[in-house]
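The values are calculated or read from the model by the stated rules, or taken from the named source; none is laboratory data. Bear in mind the structure is a predicted one, so any value in this text is a computation, not a measurement. Positions of Cβ are generated from backbone atoms using ideal geometry, with glycine treated the same way; all protein chains shown enter the neighbour counts. Just the protein is used for accessible areas: all its heavy atoms, side chains included, with ligands, DNA and RNA removed. Shrake-Rupley method; radii C 1.70, N 1.55, O 1.52, S 1.80 Å.
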Amino acid sequence: MKTAYFVGALSLALVLPSQMSAAERQTLTLYRKAIDIHGCGETWMTSQSEDSCREKIAAYKAAEAASDATAPEKEQMQRERLALESEYIGVLRLSGKKPEARQQLQKSMAELDRASPADKAPIARVVAIDLYRQAALLAFAAGDTRAADQAIDQFRNLSQGFFGAVDSMKDNKKLMLTQQNNAIAAAGFEMEVGKIYADQLKAAGNKASSEVREKAVMAYQRARQWAIARAQHNWNGFAQATPQVQFADATLALAQIAKDADDMAGLASAIGEAKAAVCNRPNTNDKYGDAEAEERCLQTIVMEGWVTGDNQALIRRVAENNDKSFRDAMESLRNKKK
């Protein structure tokens, strides 16, 4: 699922204390007009989404071009617009207009390269990281696995590199919000990649290659790691699966892959880990998340019926894992911070 990048903090940054009583600046007026345009979104797209995207992008460009816009303001608005253009690319892609989507992607990436070189502006690229996701999905749609893998690698390197600096940005609210969005986006992207490769496995049947299986497993494993990181930092997003549910979804997907490969030990291990995450857990104040977790627990119990013999004992051992790192991870997933 695509994560929406939240905007609006710039509105406050654009108004300096000395200007509060003066006439509103042109760039602020135009920026407010831009952020007040709604309907441009891949997740809840409608027949009007394309028009809304084009209108909103044009409004952003007008705000950037305002004569009283400062360099930092222009830079921030450009970053937000590039993230918005990724939404537009997604709308075009899902509307079946893939050539137009690729054309827009090429323009957006070229602008990002000019304005924010990879070795000088990693934060700008994290704000617009969904462009790499769109590049991967468009490459998959074209059957270009090599290009898709390259885009996936670029997304991963950028995302995990930014996450590696989390300790140095804890006192910066703006950077931490960017990091939160980064973690949510990365977890969702890995789930998408995992499903694409898992679907390829199913379609290939007995002819499926070990490479495709490894790619599917890697994506789901990475999704689980991001879910744990989200839980540990209490990073939750609007209309996003909770970290616990996301961990369970990725783990149950791994269980299905193991079953299809007749890997009964792998299946039992995944079932045990899923049970540890979503079964026998306290309720939280998140009624929707609790209901989703309960549903995943029931799904896990059903899948447990696939496991026979000695592997049933393996499920219990995994679910009761005494490894401290495992216990800490499960504790984070089961107990959402208030």
So, first residue under 14 Å from Glu192 (Cα atoms) and in contact (Cβ under 8 Å) with a residue 24 or more places away in the chain in the stretch 234-260, second residue surrounded by 19 or more Cβ atoms within 10 Å (Cβ to Cβ) and of a type in the set (Lys, Arg), Cβ within less than 6 Å, six or more apart or across chains; the pairs are Phe247/Arg224; Ala250/Arg224
Restricted to the stretch 23-32 and to residues being among the charged types (D, E, K, R) and surrounded by 15 or more Cβ atoms within 10 Å (Cβ to Cβ), the residue modelled with the lowest pLDDT is Arg25
Selection from the stretch 46-77 of residues outside any helix (DSSP H, G or I) and open to solvent by 20 Å² or more (accessible area, probe 1.4 Å) yields Thr46, Ser47, Gln48, Ala65, Ser67, Asp68, Thr70
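Output yes when any residue across the stretch 135-154 is outside any helix (DSSP H, G or I) and under 17 Å from Ile89 (Cβ atoms), and no when none is.
yes
Every residue, every condition in (1) under 14 Å from the mean Cα position of the chain (by Cα); (2) open to solvent by less than 50 Å² (accessible area, probe 1.4 Å), yes or no:
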| position | (1), (2) |
| --- | --- |
| Gln200 | no, no |
| Asn206 | no, no |
| Arg213 | no, no |
| Ala216 | no, yes |
| Gln232 | no, no |
| Ala239 | yes, yes |
| Ala250 | yes, yes |
| Leu254 | no, yes |
| Asp263 | no, no |
Exactly one of Asp113, Asp171 is outside any helix (DSSP H, G or I) and within 24 Å of Pro72 (Cα to Cα), and that residue is Asp171
How many residues of the stretch 199-224 are closer than 28 Å to Gly164 by Cβ and touching a helix residue (DSSP H, G or I) at 6+ places or on another chain (Cβ under 6 Å)? The answer is 7
Scanning the stretch 107-161 for residues that are at negative phi, of a type outside the set (A, V, I, L, M, F, W, C) and more than 19 Å from the chain's Cα centre (by Cα) gives Lys107, Ser108, Glu111, Asp113, Arg114, Ser116, Pro117, Asp119, Lys120, Asp144, Thr145, Arg146
Note to self: Any residue that is without any contact (Cβ under 8 Å) to a residue 24 or more places away in the chain and open to solvent by less than 50 Å² (accessible area, probe 1.4 Å) - is there at least one of those in the stretch 320-335?
What the structure shows: no
Those residues of the stretch 225-240 which are assigned to a loop (DSSP other than H, G, I, E, B), among the polar types (S, T, N, Q) and under 14 Å from Val166 (Cβ atoms) amount to Asn234
Task: Leu105 vs. criteria modelled with pLDDT of 95 or more and touching a Lys or Arg at 6+ places or on another chain (Cβ under 7 Å) - done: no
Going through (1) open to solvent by less than 20 Å² (accessible area, probe 1.4 Å); (2) of a type outside the set (Gly, Ala, Ser); (3) in contact (Cβ under 8 Å) with a residue 60 or more places away in the chain one by one, Thr43 fails only at (1)
